[in-house]
Amino acid sequence: MSLTFRTDRNIGYIEFDHPDSKVNILTSEVVQRLGSLLDEVKAKPNLTALVLVSKKKDVFIAGADIKEIEGITQAADGVAKSRAGQEILNKLEDLPFPTIAVIDGVALGGGCELALACQYRIATFNEKIRIGLPEVNLGFVPGFGGTYRLPRLLGLSEGLKMIVSGRPIPGPQALKVGLVDRLYSQVGLEQHIQKFAEEVAGSSKRKFSRKPAKGFTGFLEGNFLGRQVIFSETEKSVLSATKGFYPAPLKAVDVVRKTFQTSRQSALEVEAAAFGELAITEISKNLVHVFYLSEKYKKLSLAGAEGVVPAAIRECAVVGAGVMGGGIAQILSLNDIWVRLKDINYDALAKGFQAANKIYQQAVSKRRLKPHEAARKMDHITASLDYSGFKKADLVIEAVVENLEVKKKIFKEFSEQVRPDAVLCTNTSALSVTEMAKQVKDPSKVIGLHFFNPVHRMPLIEIITTPMTSRETITTTLGLVKRLGKTPILVKDSCGFLVNRILLSYINEAGRIFEEGGRIEDVDRVMTEFGMPMGTFELSDEVGLDVGNKVLHILEGAFGERFKPADIFNKVFEKGLLGKKAGKGFYIHGKNRIPNLGVTSLVQRKGGGGTLEEARQRMLLTMVNEAARCLEDGIIDNAGTVDVGMIMGTGFPPFRGGLLKYADHLGIEGVIDLLKLFAGKYSDRFKPCNYLLKLKDQGQNFYSAT
């Protein structure tokens, strides 16, 4: 990183500008260089203020070097790294003249901590600004003084909330809570900086003081017992959100509890010890791994398509105004894309509009949008009972009922109503995209775009390519997915694609365990204890037992006996027990959800099941084996795609690192041995696939092989 110092009218400027990079990060080298610069600055006799500023667009400092933290294997090394950073920021804090951090973009982790060590922080109205301490999301606590300075600046309650949530905040909110002192326009920013520096120059005392918290919060923060209430309630909130699987937020509460009334030196020693303790844990390593995967796939591009220019997407059409169609229309309009929504009658269109409007109203109620903004974006959606307006569409998304013959008919219809250059997408969750592509004149324009429900919340989109899909079509679709703020994975056309194929193998195994005598609540509990956001049967009810049963039969048709639906799924479907939407499924849904004991009488329960721990292993290793088959079949080409898909598409616990990272932790040989054991005890469906056996023979695991 280029770290330079200059002066202008007795005001010093330290400028951060990492060469050959879009962001600035605090590597060990940069931290040491900053320390040397601060020593030089302190010796300057005529300086009246010091400004820290970034030369990068939309970035102040993105944080510490995660690769360096990832490489820490001994707690003592983590402590030393933390103390080194703390020492430099103490130098900054102790300078005898005002220091000002200028934030015109992201200031995260170590970047936020650097700003906190300054006497003042000013920011701009840049919408890209995000300021915060996301370290707990990587499995460790802030290590450069964040746990010491933030609660003292914002007050205990607000500071603690920011630390344990790890959520960064935008500029206006930062001004409101007192994290920044002023907001300025980006226009004329240098003049604003100069004027502010002159305003505060010459005094080592802050000219603006934070207003203490008012009301009950202020009362609690003002006395010892009240502060203990804040700590206790924060711990309860953390446990409710994390179920105790993530130690970093709880450790952060503990650090602040121990240090809030202590000296800086004592507080920073406690923080450094906690950082060193957590940075070496398996959970932290897994979360860092997931962070890198997430960043990689957010920027996913098609290999070998560097010269391909994606088409501009200004207008889209959506065929089918159901829950998915309405959700897709909403996310498109949110991103300022004009949408023509088509269905066969006005009632269906009304439901699609209601679905989109409901999402916007929720955003307004949560203050994510202002009413006039929501109304303006809602106005981007228009409706039609025919294909009028489709000639304007740059891209069309089919979102009708999950029936191949219906979808083929719809594709044939609308492909004749659009421009030759329009991209044609299907939102199918399991059906053949290739068969749909055969219905149109130019199959190179056809691609699968599998949104997950609910569209506005789920971060993943599977992009399904056929052998005929062009590079231009793939590149354009990738660009759209990123514009929508979603994470794409590329999957070759195959029944069930990736996520549903793996997920349905898991759900089906739970059904078989039930038929052997497993109790609904026990089977669900062993998976939530593993870290799944909900149990397998609860998930089945959420998805809809009609939907799950239908997809299982589709998968059975493609892959045979191993996907034959457990009898219980056919029986509950026949009885109309469709899950949460019908009020009953494996659970009776109401104010308090309870297991539906009536389900047990629908099948002859065989007995012969193993322990609950064995049940958990069966459900997990069934997924591992199916994921390995996906790699074997070539529908994906690396383990990371599986793990991103399962974490973002199904809620597989990030602290486990992902499904295949978890399998690598178990060891390929151990996975194979268990699968062979289950194959002998239960069924050939557990036989390890050839891909797994090949990994063992080559002495590799999923990640080393891909």
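For region 2-280, compute Rg over Rh where Rg is the Cα radius of gyration and Rh is the Kirkwood radius from the inverse mean 1/r over Cα pairs.
Radius of gyration over Kirkwood radius for region 2-280 works out to 0.95.
Multiplying the residue separation of N403 and K581 by 0.36 nm and subtracting their alpha-carbon distance yields 62.0 nm. For a modelled paramagnetic label at A84, 7 Å from Cα along Cα-to-Cβ, the residues of region 14-29 in reach, with backbone nitrogen under 14 Å, are 26-29.
So what's the back-of-envelope 222 nm ellipticity for the chain, counting only DSSP H runs of four-plus at -39500 (n - 2.57) apiece and dividing by all residues, rounded to 500?
Working: 30 runs with 353 residues, N = 706.
That calculation yields -15500 deg cm²/dmol at 222 nm.
One chain, two ends: K205 and Q700. Fully extended at 0.36 nm per residue, the span grows by 172.2 nm beyond their Cα-Cα distance.
Starting from 0.36 nm per residue, how many nanometres of slack lie between K392 and E198 once their C-alpha separation is accounted for? Please list the in-between numbers first.
Numbers: separation 194, 0.36 × 194 = 69.84 nm, distance 5.50 nm.
My answer for the length gained is 64.3 nm.
Can you give the net charge of the other residues whose Cβ lies under 15 Å from the Cβ of G326, counting K and R as +1 and D and E as -1?
Numbers: positive: R340, K342, K351, K358, K377, R457; negative: D343, D347, E398.
Here the count lands on +3.
If you take all other residues with their beta carbon under 15 Å from the beta carbon of G109, and give Lys and Arg +1 and Asp and Glu -1, the sum is -2.
Take the Cβ atoms of H665 and S2, set R0 to 30 Å, and the FRET efficiency comes out at 0.15. Peptide packing for 305-312, 180-187 was compared via the average number of neighbouring C-beta atoms within 10 Å per residue; ordered from the highest value, the list is 180-187, 305-312. Taking 20 Å as the straight-line reach from the Cα of K412, the lysines in range (excluding those fewer than 8 positions away in the same chain) are K342, K391, K392, K438, K441, K445. Hey, with R₀ at 22 Å, roughly what FRET efficiency would D17 and V309 work out to, going by the Cβ-Cβ distance, to 0.05? The computed FRET efficiency comes out at 0.15.
Each of D684 and K44 was given a label point 7 Å from its Cα along the Cα-to-Cβ line. The distance between the two points is 7.8 nm. The protection proxy used here, the mean number of other Cβ atoms lying within 10 Å of each residue, ranks peptides 448-459, 13-24, 126-137, 218-229 as follows, highest first: 126-137, 448-459, 13-24, 218-229. The distance separating the Cα centre of region 532-547 from that of region 359-416 comes to 27 Å.
The listed peptides 501-511, 327-337, 72-82, 366-376, ordered by packing as a protection proxy, come out as 501-511, 327-337, 72-82, 366-376 (highest mean of other Cβ atoms within 10 Å first).
Exposure proxy ranking for R340, R616, based on other Cβ atoms within 10 angstrom of each Cβ and starting from the fewest, stands as R616, R340.
Computed FRET efficiency, Cβ-Cβ of T217 and V187, R0 51 Å: what is it to the nearest 0.05? Could the numbers behind the result be given before it?
Working: r = 37 Å, r/R0 = 0.72.
Plugging the Cβ-Cβ distance into 1/(1 + (r/R0)^6) gives 0.90.
Work through the residues other than L677 whose Cβ is under 12 Å from its Cβ and net out their charges, Lys, Arg +1 and Asp, Glu -1.
Numbers: positive: R618, K676, K681, K687; negative: E614, D673.
My count for the surroundings of L677 gives +2.
Past 18 Å, Cα to Cα, is the threshold; run K676/K696; K298/K482; K550/K575; K407/K486; K236/K580; K407/K550 against it and keep the listed order.
On the way: K676/K696 14 Å; K298/K482 7 Å; K550/K575 15 Å; K407/K486 25 Å; K236/K580 28 Å; K407/K550 16 Å.
The answer is K407/K486; K236/K580.
Quote the relative contact order of the chain in percent (integer), defining contacts as alpha-carbon pairs under 8 Å separated by 6+ residues. Don't skip to the end; give the middle numbers.
Values: 1300 pairs, mean separation 60.9, N = 706.
Contact order relative to length: 9 percent.
Contact order for region 315-492, expressed relative to its length and based on alpha carbon pairs under 8 Å spaced 6+ residues apart, stands at 20 percent. Panel order for C118, C495, C425, C316, by other beta carbons found within 10 Å of each beta carbon, from fewest to most: C495, C118, C316, C425.
Every read-out reported here was derived from the displayed coordinates using simple, explicitly stated rules and does not represent laboratory data. Small disclaimer: the values here were computed from a predicted structure and weren't measured. All Cβ positions, glycine included, derive from the backbone under ideal geometry; neighbour counts span all protein chains shown.
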